[in-house]
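Shown next, in structure tokens, is the structure this report addresses.
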Amino acid sequence: MSQLHYVPSRILRINVGFLLAESIGQSRDIEIDVDVPVSVAEDLMLDGLHGTLHLSRNSRGILVEGALRTHYADECARCLEEASVPLELDVQELYIHPAEPDAPWVVADDGNLDLAPLVREEMILGTPHTILCRPDCAGLCPDCGENLNDGPCQCAAPIDPRMAALLNWQPLAEVARDLPETSPTDPAATGSKPRSRTRR
Ligand SMILES: [Zn+2]
Ligand SMILES: [Zn+2]
């Protein structure tokens, strides 16, 4: 089952020739009911698309209004795992007919209007700023990088009571400060081997 199952964006091309043939003021509702992933653009795959669009004929073309619901996959900002982001797209756009060269949305000569680029644009506008796989995502441990949604990492492990006494030890830096002053460049003064401090 490694094969991708999705429908191409042309499923979002709607033939409105029947509505163009009708008089101004006529309208029709169409149901969008795509249950499989739909490739809206080369860089955008939506996980299904549902909703009702109201198409109405006016003097300039076809007005498309309605709301569409979808999901798409993105990276969670906290844990970097894949997140399914729900989106509600409010659509309200006039598809010009006959097509004008500078109009962004037009009904093509074959009577089709293409919802895919409109869905893509609405999607970009509607994308939440912070994407989370779930509202209470625990994210990654800043120290070890483990996904804390899978449980606490080793950094958070409780301290063994036998080791707890170590926490009360005077930090070595403070110990060193209390020692009599010696020249760090002169190995003879401290009695240490000069290269031992760079060895691992
Ligand atoms: Zn997450
Ligand atoms: Zn950690």
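Values in this text are rule-based calculations from the coordinates and carry no lab data. Note that the structure is a prediction, hence the values are computed from the model and not measured. When we count neighbours, we look across all protein chains shown, and the Cβ atoms used for this are built from the backbone with ideal geometry, even at glycine.
Take Y6 and F18, extend 7 Å from each Cα along the Cα→Cβ direction, and tell me the distance between the two endpoints in nm.
Each label point is offset 7 Å from its Cα along the Cβ direction, giving 3.0 nm.
As a footprinting exposure proxy, order C153, C79 by other Cβ within 10 Å, with the fewest listed first.
Placing the least packed residue first, the sequence is C153, C79.
Figure the gain on full extension for A99 and N149 (residue separation times 0.36 nm, minus the Cα-Cα span) and round it to one decimal in nm.
Extra length from A99 to N149 when fully extended: 12.8 nm.
Estimate the FRET efficiency between A108 and C141 by the formula 1/(1 + (r/R0)^6), using the beta-carbon distance for r and 45 Å for R0, to the nearest 0.05.
According to the calculation, E is roughly 0.25.
To the nearest 20 Debye, how big is the dipole of the range 55-106 about its Cα centre, given +1 on the beta carbon of each Lys and Arg and -1 on that of each Asp and Glu?
Magnitude of the dipole: close to 300 debye.
Could you grab the relative contact order for the range 7-126? Cα pairs under 8 Å, six or more apart, rounded to a whole percent.
It comes to 25 percent, rounded to a whole number.
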